[in-house]
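One structure below.
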Amino acid sequence: MSSRAVLPLLCLSLAACQSNNPYTSESAPIPPPPPVEQIQSPIYPAAPRDFSGYQNWSWRSPPAATASIAAEELQEMVAGALDQRGLRPAPAGAKGDVQVSVSANRATRLRQTYDDYGYGPRIGVGRYGGGYGGWGSTPVVRTYEEEVIAVRIEMYDGASGQAIWSNRAEARSSAKQAERKDAARDAVNRALADYPPR
């Protein structure tokens, strides 16, 4: 395209841009501020909870027995794990600074493993002479059913009843009763691993 044809098109496009601007610099006045008594305090995120103020605990509702573990055993496991984290049992009949609720159940999970031996070059001298090639493998996927013990621990503020912390953890188990207890203890410790939150 020649410069003579471009110049009139450029002039027309600039002329089209010279139309009146519908927006003006005028605006409505800013309304007056509300009276001081109507101003509410701004809402900020709640301050982080200070967990060092919680010194003792009590059951909100004692845990129930499950098919895999007795209620008394679960109570002992949780009491021992809380004791390791600096929470002592509240005096008998008193409400603790923290109320604890625990539930445990047995579940079946599917676990997959992949065996893959990778790919690589093959260089060699064979019966029919030397040569180059490649080989590969197909990954082998194996699916297993495994039994787990799942434990959920919830904590509530003793004074307000507000939920302050909760966590859930699982541990692999088996059909043997002794291993179920070990799995439940492991799940309790895993659930309380990040208490108190930092």
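Every read-out reported here was derived from the displayed coordinates using simple, explicitly stated rules and does not represent laboratory data. These figures come from a predicted structure and were not determined experimentally. Every residue, glycine as well, gets a Cβ built from its backbone with ideal geometry; the counts of neighbours run over all protein chains shown.
The mean sequence separation of alpha-carbon pairs under 8 Å and at least six residues apart, normalised by the residue count of segment 142-198, gives a relative contact order of 36 percent.
Computing FRET efficiency as 1/(1 + (r/R0)^6) for Leu110 and Ser160, where r is the C-beta to C-beta distance and R0 is 30 Å, gives about 0.15. A crude spin-label estimate for the pair Ala28 and Asp194, with each label 7 Å from Cα along the Cβ direction, gives 4.7 nm.
Charged neighbours of Gly96, selected by a Cβ distance under 12 Å, balance to +1 (K, R count +1; D, E count -1).
Here the Karplus relation 6.51 cos²θ - 1.76 cosθ + 1.60, evaluated at θ = phi - 60°, turns the backbone of segment 185-198 into coupling constants of 5, 5, 5, 4, 5, 5, 5, 8, 4, 9, 9, x, x, 9 Hz, with x for every Gly and Pro.
Multiplying the residue separation of Ala175 and Thr138 by 0.36 nm and removing their Cα-Cα distance gives an extension gain of 10.0 nm.
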